[in-house]
Amino acid sequence: MANKILTDIDVQISAPGYFDFLSGLEVDAALDRRDAKAFDERWMQWYREASSLKLAADDLALLDSIREKAFKFSFRTCRNSEIAGRVSDDVELIAKTMLAGTSEAWPLKTLWDA
């Protein structure tokens, strides 16, 4: 049985227009903000934490599918593979943070709620 958190994320990112916020994005400026030391260090800190989370094979397969969907849908909107890759990575980090039960965590407040 699929994990409810993952299926909820899948439903949300599959909604028509979900990635519309990426249209008109100033790509270079967005990537510069993402590459800023403070953001990058914080992101990597949470990524290392999330990477230790052990997922069941079914959940891992669903997460991979969600990441792929996030990449394709965001690329369709922004037409930039680097941005789409970052979105896909963010979705993985957000999902793993939710699965870990860390509801007030930086990835959710900064990446998901933004």
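Bear in mind that the values in this text are calculations on the coordinates, not laboratory data. As the structure is a computational prediction, the values presented were derived from the model and not from experiment. Virtual Cβ from ideal backbone geometry, glycine too; neighbours counted across all protein chains shown.
Taking the Kirkwood radius as the inverse of the mean 1/r across Cα pairs, report the Rg/Rh of segment 6-114.
Values: Rg = 13.6 Å, Rh = 14.3 Å.
That ratio equals 0.95.
What number, rounded to the nearest 500 deg cm²/dmol, is the helix-based mean residue ellipticity at 222 nm of the chain, given -39500 (n - 2.57) per DSSP H run of at least four residues and division by all its residues? Provide the component values of the computation, followed by the final result.
Numbers: 5 runs with 76 residues, N = 114.
When only DSSP H runs of four or more count, the value is -22000 deg cm²/dmol.
For Ser14 and Ala36 in one chain, what is 0.36 nm times their gap in residues minus the Cα-Cα distance, to one decimal in nm?
5.0 nm
Can you give the longest run of the chain that contains no trypsin sites (Lys or Arg not before Pro) sitting in a DSSP loop with at most 15 other Cβ atoms inside 10 Å?
Working: sites that count: Lys54, Arg79.
Free of exposed loop sites, the longest segment is 1-53.
Which residues in segment 73-114 place their backbone N less than 16 Å from a point set 7 Å from the Cα of Lys54 along the Cα-to-Cβ direction?
100
What stretch of the chain, leaving out the sites themselves, is the longest with no GluC sites (Glu not before Pro) in a DSSP loop having at most 14 other Cβ atoms within 10 Å?
Working: sites that count: Glu26, Glu104.
That would be 27-103.
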